[in-house]
Amino acid sequence: MKNKIWSLILFLAITFSVNAQKKFTEGTISYDVIITTGSDKPKNADFLDGTTVVNYIKGDKSRTEMVSPLGSLTTIFDGTKNSIVILKDIGEQKYMITLTSNDWRDANKKYESISFSYEDGEKKILEYKCKKAVARLGDGTTYTVWYTPDLIPENKNFQYETRSLPGLAMEYETINSKGEKTTYTVSKISYSPVPASKFDLPKSGYRVMTYAESKAGG
């Protein structure tokens, strides 16, 4: 009898855990961005205050829009066509950069060897309970990530640097070579359907170039 009771308890615990998790297949995830320079003197990064990042996800397609006071940077990823395009809008300068899978890996090579260690600690962001992880890059750089295991993105392409986390990154940091820290914090999650037109590419108005050409300065 005891064995049957423990089996029932175990079954209910597993069922509750599975039901608590939600696969994120379509919707919008918005982040607020804060850049810390570690100096009282104004720097170029200070002009990026107010930057936002919005991720539109629909199946294996994603569109990430980073909008700052200086302009916008949009990445459109179509997993079905294995197509990656970056749109850069800076004032009157508009570029459409096409990338291959190898180009995409090269653009994100600093995150190729990323590893995560998981530590004690909890934090609530929006209505989600988040767990703490510490990311370590190949060069030894570390930063903190708060993620929720209750939301599991099926499409990992929209966030290369956190794709191996067992959940959605709700707050995370990046640090550049100048020691400037950028913190991304989720401000809104919407499950509303994303129009297919959101992933259409502009047919005019942009100078088209390859990833190699963009690295060489166009």
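Normalising by residue count, region 23-215 has a Cα convex hull of 134 Å³ per residue.
Other residues with beta-carbon under 14 Å from the beta-carbon of S115 carry, at +1 per Lys or Arg and -1 per Asp or Glu, a net charge of -1. Count the net charge of all other residues whose Cβ sits under 9 Å from the Cβ of D60, scoring Lys and Arg as +1 and Asp and Glu as -1. Value of the local net charge: 0.
Tell me, rounded to the nearest percent, the portion of alpha carbon pairs in region 86-196 spaced more than 18 Å apart. All intermediate terms of the calculation are to be shown ahead of the outcome.
Numbers: 3607 of 6105 pairs.
Everything past 18 Å amounts to 59 percent.
Of interest is the spacing of the C-alpha centroids, which for region 104-157 and region 162-208 amounts to 14 Å.
Laboratory data are not the source of any read-out in this text; all were calculated from the coordinates shown. Everything numeric in this text was worked out from a predicted model, so none of it was measured. So basically every Cβ, Gly included, is an ideal-geometry build from the backbone, and we count neighbours across all protein chains shown.
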